[in-house]
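In what follows, a single structure is set out as structure tokens and then discussed.
The values are calculated or read from the model by the stated rules, or taken from the named source; none is laboratory data. The shown structure was predicted, so the numbers you read here are calculated from the model rather than taken from an experiment. Glycine gets a Cβ as well: all are built from the backbone with ideal geometry, and neighbour counts include every protein chain shown. Note: accessible area is taken over every heavy atom of the protein model, side chains too, but ligands, DNA and RNA are not part of it. Shrake-Rupley method; radii C 1.70, N 1.55, O 1.52, S 1.80 Å.
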Amino acid sequence: MLSTLRSLVQEVNSARDLQEALDIIVSRVQKAMGTEVCSVYLLDPSSNRYILMATEGLYRKAVGQVSLGYSEGLVGLVGSREEPINLEDAPSHPRYRYFPETGEERFRSFLGVPIIHHRRMLGVLVVQQRESSRTFDEGEEAFLVTVSAQLAGVIAHSEATGAISGLSLTGKETRDVSFNGVPGAPGVAIGTGVVMYPPADLDVVPEKPTDDIDGELERFRTAVLAVREDIERVARRLASQLRPEEQALFEVYLRMLGDEALPGEVANRIREGFWAQGALKQVVQQYVRHFERMDDHYLQERAVDIRDLGRRLLSHLQEGETRQVEFPERTVLVSEELTPAMLGEVPKGQLVGLVSVKGSSNSHVAILARAMGVPTVMGLVDIPVNQLDGRELIVDGFEGQLFASPSADLRAFFQAICDEENELVRGLEALRDLPCETTDGHRVSLLVNTGLMTDVVRSLSHGAEGIGLYRTEVPFMIQDRFPSEQEQREYYREQLEAFAPNPVTMRTLDVGGDKALTYFPIHEENPFLGWRGIRVTLDHPEIFLVQVRAMLKASEGLNNLQIMLPMISNISEVEESLHLIYRVYHEVREEGYDIQMPKVGVMVEVPAAVYQIRELADRVDFLSVGSNDLTQYLLAVDRNNPRVAQLYHSYHPAVLQALVRVAQDAHAVGKPVGICGELAGDPGGALLLMAMGYDSLSMNAASLPKVKSVIRSVSRDWAGQLLDDVLMLDSPHVIKSCVDLALRNAGFGRYLRPGRTSSAVIAEQTA
Ligand code: PEP
Ligand code: MG
């Protein structure tokens, strides 16, 4: 069964569109189960009806014609109960509904299972049988449930592809369709999609047409020649080490690269009007499918060779390609997995929005996007990336939604939001030089999180009082080797100088988890519970010592440096780090630098640290809560996994209780405590933190004016009352609504989200 299932999923995965996918499903399932009928009904979101989309066994003419209301018939019953229904004699069931167009009356036994993807009901998969004596047994039921669970993702993906082209399930034109991800960076962007793909990944190559057929043919020919040369070179190099039969592999490769074989077919596709990379993708995928379906193990292995050749050809094609990408004036960068390096490829001033299939709001790229003020949606798992190149896109970074090829109404709606937002930002400029103080005189320091120099420039213009978190890994991430001590010293000096005499808190290298350095790869099963932050740098004192030395030297004459240690989970880590910092301090002074010993603090981002605040505080000068990681570790929710993004909630009562405890314990031993996670930049979160007694809030520059404006408009008592109220509640969602309501009542509704919603605009289109 497993191999049937595997080949079914493989075949469905490679279908060109939704209809082909569904046709494959019904015919393969019918054959595998030996039933007379297999049909699939999909729930059409625009009409809320189940439409018969494909069948093997019922009359074909009924496809697309027969539909059932949301709770109509046995199909509706399966959908509303969200579980399989297995009946020996379906026509005698009170919910049975008969459609003469299908010829269904001949069939008695019925097994229907729901198709559900991420809690969303997509449709119902049904098998039927003429004989009532032939009831579907438990094994068959389990098989159908397995098929449905495996196919749900593929169906959701194909459905999204159709919707991007503006087609509904029945092939009719649709109204605007939104694709839901998670908010990455707030704001709205309207622009043109540019798909970026990692080098040599055929699966994510967009299928673009070309006007330059001769140019594409020429590029492809050059790539084929280059790959031939590569293979001949490798073969020569290995000639003395391989047995002759093993060397025959290279002969096979070279034959596959002959004009009659793969290159000939790719050239034909190019002549049909596809660009070379898309043509290559189509042909390679077709070959791979063909070989993978073969029973002979040797021939199955050829699929691997073809894929390898495809990758090699693609990487040669892309060498020329990287120089050719033309970025439109208003570029929305789209990728399976955005990387900080990709952001750097768009010319200055042309990047307006970001879309990533993988990752969530706390991925590094989202953090950078917030720093740069670029609206971003992350975790758009079902979006067909390849279809977005060159399309007009709307990125709604407030709600985490994406719209492709929008209607004029929807575009006008979002344009109004952009205009409103710009006006709001201009209005807040007047606050720049005013203190962040409540109406009853309670002061809170507003600091910024930085990583790039861009952040510093923006932060200064927004009135930040210092840097609460400089993520030193960011300059490390945009290089292809560890930066030298001198290079680090220059980066650090820029940050220190920009804010002097105000404090600049530099965090020692925090790599591991989701923060990867290409030149220092860490492969682990469980990276967030693995070798991360201080654990890495204490194991590599040569990295830690160079970094601290660069920081100290950079601070000469400014003396506004503070050093912060990430991912502390043991007191011994603090002691070891302090020992190294003191050592460097003395050495640097001995070298003749006139520096002061910087303040040293620890990040509280692992639950263990929450329970050792006093012991930690005794050893350091300050504490700073990393609420992004603290939330992840307290709730056991991977901060980058879009599947569980709905469970990642910094307003969770357990997180709030931990935050209260940290502030109380730190103050009990007289040490200042700040926060530098994203919660600090959320106007509602900032109010709660201020009420808890946090001395400083560090956030991305774009959030700072809004947070200042909210804090300046309330009293500490008012915020204290709100905190007391929410600490009585037990649901993160209710807490969030309660805080939002308080903000609206205090006149800050515009900081949350403009009044009318995009779904209201879409609903009006069909009203
Ligand atoms: C945090 O974990 O809250 C934090 C500020 O650090 P980072 O997001 O860089 O892990
Ligand atoms: Mg962290």
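Summing Lys and Arg as +1 and Asp and Glu as -1 over all other residues whose Cβ lies under 15 Å from the Cβ of Gln657 gives a net charge of -3.
Quick check on the stretch 85-151: take the gyration tensor over C-alpha atoms, sort the square-rooted eigenvalues as a ≥ b ≥ c, and tell me if it's rounded (a/c under 1.5), prolate or oblate.
Because a/c hits 1.5 or more and a/b fails to exceed b/c, the stretch 85-151 counts as oblate.
Pull up the cross-link candidates among the lysines for Lys706, meaning alpha carbon to alpha carbon under 19 Å and not fewer than 8 places away within one chain. The qualifying lysines are Lys736.
For the pair Leu558 and Leu428, label points projected 7 Å from Cα toward Cβ lie 2.6 nm apart. So for the chain: antiparallel DSSP bridges make up what percent, rounded to the nearest 5? Beta bridges within the chain, antiparallel portion: roughly 55 percent.
Per q in 0.05, 0.08 1/Å, what log10 I(q)/I(0) does a Debye calculation on the alpha-carbon atoms of the chain return? Once normalised to I(0) and log-transformed, intensities are -0.32, -0.81. Between His586 and Arg134, residue separation times 0.36 nm minus the direct Cα-Cα distance comes to 154.2 nm.
In whole angstrom, how far apart do the alpha carbon centroids of the stretch 577-605 and the stretch 710-741 sit? With the stretch 577-605 and the stretch 710-741 each reduced to a Cα centre, they are spaced 40 Å.
Looking at the stretch 40-110, which chymotrypsin sites (Phe, Trp or Tyr not before Pro) are in a loop (DSSP not H, G, I, E or B) and have at most 14 other Cβ atoms within 10 Å? It would help to have the intermediate numbers written out before the result.
Details: sites: Tyr41, Tyr50, Tyr59, Tyr70, Tyr96, Tyr98, Phe107, Phe110; in loops: Tyr59, Tyr70, Tyr96, Tyr98, Phe107.
Within the stretch 40-110, the qualifying chymotrypsin sites (Phe, Trp or Tyr not before Pro) (loop, at most 14 other Cβ atoms within 10 Å) are Tyr70, Tyr98.
Across the protein chains, with a 1.4 Å probe defining accessible surface, the residues His523, His316 rank His523, His316 from largest area downward.
Within the stretch 354-501, what percent of beta bridges assigned by DSSP are antiparallel, to the nearest 5? Display every interim value, and only then the final one.
Working: 5 of 10 bridges.
Approximately 50 percent, going by the DSSP bridge assignments.
Of the trypsin sites (Lys or Arg not before Pro) found in the stretch 8-81, those in coil by DSSP whose Cβ has at most 11 other Cβ atoms within 10 Å are Arg16. Its DSSP H runs of at least 4 residues, each contributing -39,500 (n - 2.57), put the calculated 222 nm mean residue ellipticity of the chain at -14500 deg cm²/dmol, to the nearest 500. Of Ser39, Ser47, the order by accessible heavy-atom surface (1.4 Å probe, DNA, RNA and ligands excluded), from most exposed downward, is Ser47, Ser39. Given axes a ≥ b ≥ c from the Cα gyration tensor, I'd like to know whether the stretch 636-742 is rounded (a/c under 1.5), prolate (a/b larger than b/c) or oblate. Verdict is rounded for the stretch 636-742.
When the chain is fully extended, how far beyond the present Cα-Cα distance does Gln646 get from Glu260, taking 0.36 nm per residue of separation?
Contour length minus the Cα-Cα distance gives 133.7 nm.
What the chain shows is 43 Å² of accessible area per residue, with the surface traced by a 1.4 Å probe over protein heavy atoms.
Remind me, relative contact order of the chain in percent, using alpha carbon pairs under 8 angstrom and six or more residues apart? Result for the chain is 10 percent.
Can you check what the net charge comes to around Gly513, using other residues whose Cβ is under 14 Å from the Cβ of Gly513 (Lys, Arg +1; Asp, Glu -1)?
Numbers: positive: Arg471, Arg507, Lys515, Arg532, Arg535, Arg639; negative: Glu473, Asp510, Asp514, Glu524, Glu525, Glu605, Asp629, Asp638.
After counting each charged neighbour, the total is -2.
Magnitude of the charge dipole for the chain, about its Cα centre and with charges confined to Cβ atoms of Lys, Arg (+1) and Asp, Glu (-1), is about 800 debye. Among DSSP beta bridges lying fully in the stretch 428-523, give the percent that are antiparallel, nearest 5. Of all bridge pairs located within the stretch 428-523, approximately 25 percent are antiparallel. In summary, the lysines within cross-link reach of Lys61, defined as a Cα separation below 20 angstrom excluding same-chain residues under 8 places away, comprise Lys172.
Normalising by the residue count of the stretch 619-681, find the relative contact order in percent from Cα pairs under 8 Å and 6+ residues apart. Working shown, then result.
Details: 62 pairs, mean separation 30.7, N = 63.
It comes to 49 percent, rounded to a whole number.
Taking GluC sites (Glu not before Pro) in DSSP loop conformation with at most 12 other Cβ atoms inside 10 Å as exposed sites, the chain has its longest uninterrupted site-free stretch at 330-523. Measuring between their Cα centroids, the stretch 3-78 and the stretch 388-433 lie 39 Å from each other.
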